1. Criterion first (open to solvent by 50 Å² or more (accessible area, probe 1.4 Å), among the hydrophobic types (A, V, I, L, M, F, W, C) and either within 21 Å of Ala81 (Cα to Cα) or modelled with pLDDT of 95 or more (or both)) does Met50 satisfy it?
2. Could you list, in sequence order, the residues of the stretch 1-20 that are farther than 14 Å from Cys105 by Cβ and of a type in the set (Asp, Glu)?
3. Of Thr116, Thr83, which residue is farther than 13 Å from Glu57 by Cα, within 11 Å of the ligand (Cβ to nearest atom) and of a type in the set (Ser, Thr, Tyr)?
4. Of all residues in the stretch 63-80, how many are basic (Lys, Arg) and either closer than 21 Å to Asp39 by Cα or under 15 Å from the mean Cα position of the chain (by Cα) (or both)?
5. Is it the case that some residue within the stretch 58-66 is near the ligand (Cβ under 9 Å from one of its atoms) and either without any contact (Cβ under 8 Å) to a residue 60 or more places away in the chain or among the charged types (D, E, K, R) (or both)?
6. Select from the stretch 77-127 the residues that are among the acidic types (Asp, Glu) and open to solvent by 10 Å² or more (accessible area, probe 1.4 Å) and write down the one among them that is modelled with the lowest pLDDT.
7. Of the conditions (1) closer than 17 Å to Pro114 by Cα; (2) within 14 Å of the ligand (Cβ to nearest atom); (3) open to solvent by 20 Å² or more (accessible area, probe 1.4 Å), Leu9 satisfies every one except a single condition; which number is it?
Amino acid sequence: MIVRTLQDLIDTDRETKADTWSSRRFLLKGDGMGFSLHDTIIHAGTVTEMHYQNHLEAVYCIEGKGTLHDLSNEKEYEIVAGTMYALSGNEKHILKAEEQMRMICVFNPALVGPETHDHQGAYPLLT
Ligand code: 9YT
């Protein structure tokens with residue numbers, strides 16, 4: 001069994017910081033669960049373009065408010081606490097955070113640890 005608190009992750013190698021977000025990674029590939037589980041803060045007033053070409057991601061918003069723009073079909077969605085989105089088709093997308101947002105993110109396959117976005121807004125497939 002694995003038991004961790006958010007405090008166990010902060011300012012360790014399980015926290016990855018980018019300009020617009022900070023990702024605290026509860027579960028990674030090495031934990032052997034087959035997915036990774038993150039508690040991610042999206043900073044207020046930021047715009048992040050992402051395109052996870054090598055991973056499927058589900059995102060559950062538990063705090064804050066923003067807009068999700070699906071660039072594959074130009075649809076826009078309001079994202080508030082209690083809303084989930086799943087990038088089931090590896091959709092390229094833009095997240096605009098009107099307020100600080102807190103998201104629970106699940107990645108399949110699991111991230112290994114230090115991944116951050118490349119120039120396309122993707123994570124590399126690490127082994
Ligand atoms: C919502 C989102 O995708 N934010 C970017 C960070 C990423 N999800 C992560 O690694 O936690």
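1. no
2. Once the filter is applied, which keeps residues that are farther than 14 Å from Cys105 by Cβ and of a type in the set (Asp, Glu), the stretch 1-20 yields Asp8, Asp11, Asp13, Asp19.
3. Thr116
4. Of the residues in the stretch 63-80, 1 are basic (Lys, Arg) and either closer than 21 Å to Asp39 by Cα or under 15 Å from the mean Cα position of the chain (by Cα) (or both).
5. yes
6. Looking at the filtered set, the residue picked out is Asp118.
7. Only one criterion in (1) closer than 17 Å to Pro114 by Cα; (2) within 14 Å of the ligand (Cβ to nearest atom); (3) open to solvent by 20 Å² or more (accessible area, probe 1.4 Å) is unmet by Leu9, namely (3).
The values are calculated or read from the model by the stated rules, or taken from the named source; none is laboratory data. Keep in mind that this is a model prediction, so the values were computed, not measured. Positions of Cβ are generated from backbone atoms using ideal geometry, with glycine treated the same way; all protein chains shown enter the neighbour counts. Side chains included, ligands, DNA and RNA excluded: accessible areas come from the protein's heavy atoms. Shrake-Rupley method; radii C 1.70, N 1.55, O 1.52, S 1.80 Å.
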